[in-house]
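See structure below.
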Amino acid sequence: MKIPTRIKMLGRNIKVKFVKDLTRRNDTNGETHYRFDEILIQKNVEGTPRSDTQTGITFLHELLHWSFYVMGEQELNDNEKLVTNMAEVLYQVLAKNDIDLRDGRYSEK
Ligand SMILES: [Zn+2]
(Lines give C-alpha, C1' and ligand atoms only; values in the text may rest on other atoms or scores of the structure.)
Protein backbone atom coordinates (compact mmCIF):
# COMPACT_ATOMS: atom_id res chain seq x y z
CA MET A 1 0.00 0.00 0.00
CA LYS A 2 1.29 3.41 -0.93
CA ILE A 3 0.44 6.00 1.69
CA PRO A 4 0.52 9.57 0.33
CA THR A 5 1.98 12.51 2.25
CA ARG A 6 -1.12 14.60 1.49
CA ILE A 7 -4.81 13.74 1.23
CA LYS A 8 -7.36 16.02 -0.41
CA MET A 9 -10.75 15.68 1.26
CA LEU A 10 -13.68 18.04 0.66
CA GLY A 11 -11.56 21.16 0.27
CA ARG A 12 -9.07 20.23 2.96
CA ASN A 13 -5.47 19.33 2.34
CA ILE A 14 -4.53 16.85 5.05
CA LYS A 15 -0.86 16.19 5.71
CA VAL A 16 0.20 12.63 6.54
CA LYS A 17 3.31 12.52 8.71
CA PHE A 18 5.27 9.52 9.92
CA VAL A 19 6.71 10.15 13.37
CA LYS A 20 9.12 8.14 15.50
CA ASP A 21 7.82 8.63 19.03
CA LEU A 22 4.01 8.55 18.84
CA THR A 23 3.62 5.20 20.59
CA ARG A 24 6.11 6.07 23.30
CA ARG A 25 4.78 9.62 23.79
CA ASN A 26 1.00 9.05 23.62
CA ASP A 27 0.56 5.26 23.60
CA THR A 28 -1.06 5.42 20.15
CA ASN A 29 -0.11 4.22 16.67
CA GLY A 30 -1.96 6.99 14.89
CA GLU A 31 -3.56 10.34 15.61
CA THR A 32 -5.80 12.78 13.79
CA HIS A 33 -5.36 16.50 14.43
CA TYR A 34 -8.26 18.41 12.94
CA ARG A 35 -6.97 21.92 13.74
CA PHE A 36 -3.66 21.20 12.05
CA ASP A 37 -5.13 19.26 9.10
CA GLU A 38 -2.90 16.29 9.76
CA ILE A 39 -2.66 12.58 10.37
CA LEU A 40 0.26 11.26 12.40
CA ILE A 41 1.36 7.64 12.05
CA GLN A 42 3.92 5.78 14.12
CA LYS A 43 6.97 4.90 12.02
CA ASN A 44 8.45 1.44 12.07
CA VAL A 45 11.42 2.06 14.34
CA GLU A 46 13.52 0.02 16.75
CA GLY A 47 11.56 -0.57 19.91
CA THR A 48 8.21 -0.08 18.13
CA PRO A 49 8.18 -2.48 15.16
CA ARG A 50 5.19 -2.01 12.84
CA SER A 51 4.23 -4.24 9.92
CA ASP A 52 2.97 -2.81 6.63
CA THR A 53 -0.44 -4.24 7.49
CA GLN A 54 -0.52 -2.48 10.86
CA THR A 55 0.61 0.78 9.27
CA GLY A 56 -2.00 0.49 6.50
CA ILE A 57 -4.81 -0.21 8.94
CA THR A 58 -3.69 2.71 11.13
CA PHE A 59 -3.70 5.02 8.10
CA LEU A 60 -7.22 3.94 7.11
CA HIS A 61 -8.37 4.24 10.74
CA GLU A 62 -7.26 7.87 10.89
CA LEU A 63 -8.69 8.52 7.42
CA LEU A 64 -12.07 7.22 8.63
CA HIS A 65 -11.92 9.56 11.63
CA TRP A 66 -11.35 12.40 9.17
CA SER A 67 -14.22 11.18 6.99
CA PHE A 68 -16.70 11.14 9.88
CA TYR A 69 -15.37 14.52 11.05
CA VAL A 70 -15.92 16.28 7.71
CA MET A 71 -19.39 14.69 7.47
CA GLY A 72 -20.25 16.07 10.91
CA GLU A 73 -20.88 12.55 12.22
CA GLN A 74 -19.41 13.02 15.69
CA GLU A 75 -21.21 10.04 17.23
CA LEU A 76 -19.84 7.70 14.55
CA ASN A 77 -16.43 9.35 14.86
CA ASP A 78 -16.37 8.58 18.58
CA ASN A 79 -17.21 4.91 17.95
CA GLU A 80 -13.68 3.45 18.03
CA LYS A 81 -14.96 -0.11 17.49
CA LEU A 82 -16.75 0.92 14.28
CA VAL A 83 -13.74 2.90 13.02
CA THR A 84 -11.35 0.03 13.82
CA ASN A 85 -13.54 -2.63 12.20
CA MET A 86 -14.14 -0.51 9.08
CA ALA A 87 -10.40 0.16 8.73
CA GLU A 88 -9.63 -3.55 8.93
CA VAL A 89 -12.29 -4.50 6.37
CA LEU A 90 -11.27 -1.71 3.98
CA TYR A 91 -7.62 -2.70 4.33
CA GLN A 92 -8.39 -6.32 3.46
CA VAL A 93 -10.38 -5.29 0.36
CA LEU A 94 -7.85 -2.70 -0.85
CA ALA A 95 -4.77 -4.81 -0.12
CA LYS A 96 -6.10 -8.07 -1.56
CA ASN A 97 -7.57 -6.70 -4.79
CA ASP A 98 -6.28 -4.74 -7.77
CA ILE A 99 -8.19 -1.51 -7.09
CA ASP A 100 -7.19 1.91 -8.38
CA LEU A 101 -9.94 4.52 -8.30
CA ARG A 102 -7.94 7.51 -9.56
CA ASP A 103 -9.34 9.40 -12.58
CA GLY A 104 -8.41 7.93 -15.93
CA ARG A 105 -7.68 4.48 -14.56
CA TYR A 106 -11.19 3.12 -14.84
CA SER A 107 -12.33 1.88 -18.19
CA GLU A 108 -14.83 -0.52 -19.62
CA LYS A 109 -12.30 -2.23 -21.90
ZN1 LIG B 1 -9.46 5.99 16.58
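Descriptive notes on the structure:
- The requirement of being of a type outside the set (Val, Ile, Thr), under 22 Å from Leu90 (Cβ atoms), over 12 Å from the mean Cα position of the chain (by Cα) and away from the ligand (no atom under 16 Å from the Cβ) is satisfied by Arg12.
- Total residues in the range 1-59 satisfying the condition of being assigned to a loop (DSSP other than H, G, I, E, B) and hydrophobic (A, V, I, L, M, F, W, C): the figure is 4.
- Residue within the range 87-96 that is within 13 Å of the ligand (Cβ to nearest atom) and either surrounded by fewer than 10 Cβ atoms within 10 Å (Cβ to Cβ) or not small (Gly, Ala, Ser) (or both) present: yes
- Cβ-Cβ under 7 Å pairs, at least 6 apart or on other chains, the range 78-107 side modelled with pLDDT of 95 or more, far side among the polar types (S, T, N, Q) and outside any helix (DSSP H, G or I): none
- Applying the condition of being among the β-branched types (Val, Ile, Thr) and within 19 Å of Leu10 (Cα to Cα) to the range 28-50 and asking which residue is nearest to the chain's Cα centre (by Cα) yields Ile39.
The values are calculated or read from the model by the stated rules, or taken from the named source; none is laboratory data. A quick note: this is a predicted structure, and the numbers were derived from the prediction, not measured. Don't worry about glycine lacking a Cβ; one is built from the backbone with ideal geometry, like all the others, and counts go over all protein chains shown.
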